[in-house]
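Below is one structure, written out as structure tokens, with a few remarks after it.
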Amino acid sequence: MPHAPMDSIDDVQARLAEQDYVCGRALATVVFLALALDRPLFLEGEAGTGKTEIAKALAATLGRRLIRLQCYEGLDAHSAVYEWNFAAQMVAIRTAEATQSAPPDLFSDDFLIARPLLEAMRPQPGGPPVLLIDEIDRTDAPFEAFLLEALSDHQVTIPETGTVKAPEPPIVILTSNRTREVHDALKRRCLYHWVDYPDHAREMEILAARAPEAAERLSREVVAFVQRLRGEDLFKRPGVAETIDWAKCLLALDVIDLSPEVIADTLGALLKYQDDIQRLQGSEAKRILDEVRAEIG
Ligand SMILES: Nc1ncnc2c1ncn2[C@@H]1O[C@H](COP(=O)(O)OP(=O)(O)OP(=O)(O)O)[C@@H](O)[C@H]1O
Ligand SMILES: [Mg+2]
């Protein structure tokens, strides 16, 4: 086994739990397999469901460096790999001119700024890093094609200096919010998992891990309310991140029990679109709260 840093699926769950990451069996299985088979892990899902966080938790528990490539529209292969330090090159030229010494080699490692993909191919203390390629759906097809090649060969090329190959392949996690479909060729190389919203029990576990100060009763109300809210016709449904934020806001306000007034005052922690907030103000919040009360007693 190339990495085999985890012994079993249970081990994955236990070690991520130590990092306050609550990992369901299905996700733990695919993480275990990705590590054991040395395959990139492709995590797709709604916003705020723990896709980015799992890469952080994994790096932390393995004692590996986390290298993050945050994708954005217009990101090109070049800027994901390296950049030349123009300012330093200019200084070196001027210094050489002033001292009448030999011209510097401008395209050497001295002037190279490594971007995440190059960094991930270099040896790292503690072993191969966790390379998080976050929100790949924001890039375009040419970038995906480039990435596919880089990930297959575990190497990147800098035209001026040559190819850098990873001594051991990095642990790769790709995430997508599915604002568009990622190409099959890239997906095929990866193990895939859809990260869904957690069910009530798991979201309670997450809240207990991330907002342990919250009392059991308030947590149950918060989770039940958010779970119901996700079933409403909203422009943007709240993720786990919002559940945690909301619980923390309620704690800061010393709220013991939800009420329609408290909900109205704190909706901004849960919903980020005015249309959604407006929908929930007034009788809607009360209706959902009544349903929650009926459910949890
Ligand atoms: N399973 C989980 N266990 C513990 N905390 C979690 C879990 N899922 C989500 N969280 C919490 O929710 C927050 C948001 O998660 P994260 O940023 O990973 O979401 P994401 O899926 O990457 O969202 P986006 O698509 O918006 O980037 C994390 O900081 C973490 O506190
Ligand atoms: Mg994310």
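The values are calculated or read from the model by the stated rules, or taken from the named source; none is laboratory data. Predicted model only: the values in this text are computed from it and were never measured. With ideal geometry, Cβ positions are generated from the backbone for all residues, glycine too; neighbour counts draw on all protein chains shown. Surface accessibility is based on the protein's heavy atoms, side chains included, excluding ligands, DNA and RNA. Shrake-Rupley method; radii C 1.70, N 1.55, O 1.52, S 1.80 Å.
Miscellaneous remarks
- Taken residue by residue, the range 211-230 has no member that is among the β-branched types (Val, Ile, Thr) and in contact with a strand residue (DSSP E or B) (Cβ under 6 Å, 6 or more places away or on another chain).
- Residue 209 vs. criteria in a helix (DSSP H, G or I), under 31 Å from the mean Cα position of the chain (by Cα) and not assigned by TED's automatic domain parsing to the domain that holds residue 27: yes
- The range 50-67 - residue that is in a loop (DSSP other than H, G, I, E, B) and in contact with a Leu (Cβ under 9 Å, 6 or more places away or on another chain) and, of those, surrounded by the fewest Cβ atoms within 10 Å (Cβ to Cβ): 64
- Taking the range 83-111 as the range and being open to solvent by 80 Å² or more (accessible area, probe 1.4 Å) and within 36 Å of the chain's Cα centre (by Cα) as the test, the residues that pass are 86, 107, 109, 110.
- Only listed residue being at pLDDT 95 or above, of a type in the set (A, V, I, L, M) and either out of contact with any helix residue (DSSP H, G or I) (no Cβ under 7 Å at 6 or more places or on another chain) or open to solvent by less than 90 Å² (accessible area, probe 1.4 Å) (or both), chosen from 207, 280: 207
- Taking the range 68-82 as the range and being of a type in the set (Phe, Trp, Tyr) and open to solvent by 70 Å² or more (accessible area, probe 1.4 Å) as the test, only 72 passes.
- Residue pairs meeting the criteria (Cβ under 7 Å; at least 6 apart or on separate chains; first among the polar types (S, T, N, Q), in the range 242-257; second open to solvent by less than 80 Å² (accessible area, probe 1.4 Å)): 243/203; 243/207; 243/222; 243/223; 243/226
- A count restricted to the range 187-237 and to residues that are within 16 Å of ligand 2 (Cβ to nearest atom) and not charged (D, E, K, R) stands at 6.
- Residues that are open to solvent by 10 Å² or more (accessible area, probe 1.4 Å) number at least 3 in the following strands (runs of 3 or more DSSP E) confined to the range 125-172: 162-165.
- Residue match in the range 75-82 (condition: more than 15 Å from the chain's Cα centre (by Cα), assigned to a helix (DSSP H, G or I) and within 13 Å of ligand 1 (Cβ to nearest atom)): no
- Single residue of the range 31-70 satisfying the filter (touching a helix residue (DSSP H, G or I) at 6+ places or on another chain (Cβ under 9 Å) and hydroxyl-bearing (Ser, Thr, Tyr)) that is farthest from ligand 1 (Cβ to nearest atom): 61
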